[in-house]
1. Would you mind stating whether E325 is open to solvent by 80 Å² or more (accessible area, probe 1.4 Å), without any contact (Cβ under 8 Å) to a residue 12 or more places away in the chain and touching a helix residue (DSSP H, G or I) at 6+ places or on another chain (Cβ under 9 Å)?
2. Say we look at segment 44-58 and pick out the residues that are in contact with a strand residue (DSSP E or B) (Cβ under 7 Å, 6 or more places away or on another chain) and closer than 22 Å to S5 by Cβ; which of these is surrounded by the fewest Cβ atoms within 10 Å (Cβ to Cβ)?
3. For segment 64-101, what are the residues that are assigned to a loop (DSSP other than H, G, I, E, B) and touching a strand residue (DSSP E or B) at 6+ places or on another chain (Cβ under 8 Å)?
4. Could you tell me which residue of segment 14-43 is farthest from F114 (Cα to Cα), considering only residues that are among the aliphatic types (A, V, I, L, M), open to solvent by 20 Å² or more (accessible area, probe 1.4 Å) and not in a strand (DSSP E or B)?
5. Of the conditions (1) without any contact (Cβ under 8 Å) to a residue 40 or more places away in the chain; (2) open to solvent by 50 Å² or more (accessible area, probe 1.4 Å); (3) in a loop (DSSP other than H, G, I, E, B), H319 clears all except one; give me its number.
6. If you check every pair at least six apart or on different chains, which have Cβ atoms under 7 Å apart with a residue in segment 194-219 that is within 15 Å of Y244 (Cα to Cα) and open to solvent by 10 Å² or more (accessible area, probe 1.4 Å) first and a residue that is part of a helix (DSSP H, G or I) and modelled with pLDDT of 95 or more second?
7. In this structure, is F196 in contact with a Gly (Cβ under 8 Å, 6 or more places away or on another chain), aromatic (F, W, Y) and farther than 23 Å from T37 by Cβ?
8. Quick one: F185 ticks every box in (1) touching an Asp or Glu at 6+ places or on another chain (Cβ under 6 Å); (2) within 24 Å of L254 (Cα to Cα) bar one, so which box is it?
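The values are calculated or read from the model by the stated rules, or taken from the named source; none is laboratory data. These numbers come from a predicted model, not from an experiment. Ideal geometry is used to build each Cβ from the backbone, glycine not excepted, and the neighbour counts take in all protein chains shown. All accessible areas refer to the heavy atoms of the entire protein, side chains included, with ligands and DNA or RNA removed. Shrake-Rupley method; radii C 1.70, N 1.55, O 1.52, S 1.80 Å.
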Amino acid sequence: MMSLSFSLLATDGAARLGRLDTAHGAIDTPAFMPVGTAATVKAMTPEAVAETGAQIILGNTYHLMLRPTAERVAKLGGLHKFMHWPGPILTDSGGFQVMSLSQLNKVNEQGVSFQSHIDGARYELTPERSIEIQHLLDATITMQLDECVKLPADDKRVAEAMRLSLRWAERCKTAFRQRDGYGLFGIVQGGTDAAFREESAKGLIATGFDGYAVGGLAVGETQAEMFATLDVTTPHLPQDRPRYLMGVGKPSDLVGAVQRGIDMFDCVMPTRSGRNGQAFTRRGTLNIRNARHAEDPRPIDEHCRCPACRHYSRAYMHHLVRSDEILGAMLMTAHNLTYYQDLMAGMRAAIAKGGLEAFAADFHAGQALGDIEPLSGNSQP
């Protein structure tokens, strides 16, 4: 019995317009989830995140289990209360971070044993423990524990990880406590191999989940390889369940993936790039640190509704970022998250009227233009 209500409102080719109703509110899809790794979207207040248009955020099981611990978060009322985010929260399973961050990790049938990157302490993460941690956090959407393989990898290794993830998926389903408005997502693995992806998708569907994620991408393959993998994966996923592409990505990744039937995304790119002085705009990306912006009174993007573009010049943003002022990270992050949310809203509107192909063409044409011309004489270091 499914615990989340997903309504498919319109389609445009493979693209889908939907609504996911949860215990903590509704999510309009296609949706982008800002990453709140350690119970905070870096450089943003929850109110500021909401102002960008975000309806759901992502929390990280690995980081929260280490610090402050899931048990402490539960004792303090759960993650929504702890971080003052009343809306939906999706928590990842912790598996990806175990593989990428931890020291001396060891995978076997039971789960993963690993050494904390913080203090070197030893931990065990099993499918059952991952589900328990996410339950303690009060995650609206819980993810199964899976094994993610960095690409490229040989077929034998990819197949082993995919089939182990299927067995873990069954254990996660058994451990998950169903509640009204809460859900559990399975994760399709299989590298870039079409047969492996089909086998994984069919195995997960046989087990039965509230939604289906496509994992194991954005881990070393090209965009073309990622899109080709989606082309052979999404046709095997149920039409009446949400589809989530994990850890993706650049704006062009989002547009291409929506065209291939993906409903949900998360990525650290807009927040991390903002802290490093990179801004995403309708005319591509720009580095606000560059000298050409030092005396430019214009906003980053004159069409943007974010606080940085409404109230501040490129010159001021350049000064803040070059001076390592905290306000610079805050405003740049707000800009990037607003851009991402507006991109998703634009795609939702386009799908509703059957115009996504034209929207995508306009998007790519705008990105190809590059940044506006610098003002003459604006070359101070």
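1. Values: open to solvent by 80 Å² or more (accessible area, probe 1.4 Å): yes; without any contact (Cβ under 8 Å) to a residue 12 or more places away in the chain: yes; touching a helix residue (DSSP H, G or I) at 6+ places or on another chain (Cβ under 9 Å): yes.
Considered against the rule, which asks whether it is open to solvent by 80 Å² or more (accessible area, probe 1.4 Å), without any contact (Cβ under 8 Å) to a residue 12 or more places away in the chain and touching a helix residue (DSSP H, G or I) at 6+ places or on another chain (Cβ under 9 Å), E325 comes out as yes.
2. Our first condition is that a residue be in contact with a strand residue (DSSP E or B) (Cβ under 7 Å, 6 or more places away or on another chain); within segment 44-58, this holds for 49, 54-58.
Still in the running and closer than 22 Å to S5 by Cβ: 54-58.
Working: A54: 25, Q55: 21, I56: 25, I57: 26, L58: 25.
Per the stated criteria, the residue is Q55.
3. Hits for segment 64-101 are W85, P86, G87, P88, S93, G94.
4. To start, the set of residues in segment 14-43 that are among the aliphatic types (A, V, I, L, M) comprises 14-15, 17, 20, 23, 26-27, 31, 33, 35, 38-39, 41, 43.
Subsequent filtering for residues that are open to solvent by 20 Å² or more (accessible area, probe 1.4 Å) retains 14, 17, 23, 26, 38, 43.
Of the ones still in play, those that are also not in a strand (DSSP E or B) are 14, 23, 38, 43.
Working: A14: 40, A23: 33, A38: 19, A43: 29 Å.
Taking the candidates together, the pick is A14.
5. (3)
6. So the pair list comes out as A218/M226.
7. On the way: in contact with a Gly (Cβ under 8 Å, 6 or more places away or on another chain): yes; aromatic (F, W, Y): yes; farther than 23 Å from T37 by Cβ: yes.
Judged against the criteria, F196 is a match.
8. (1)
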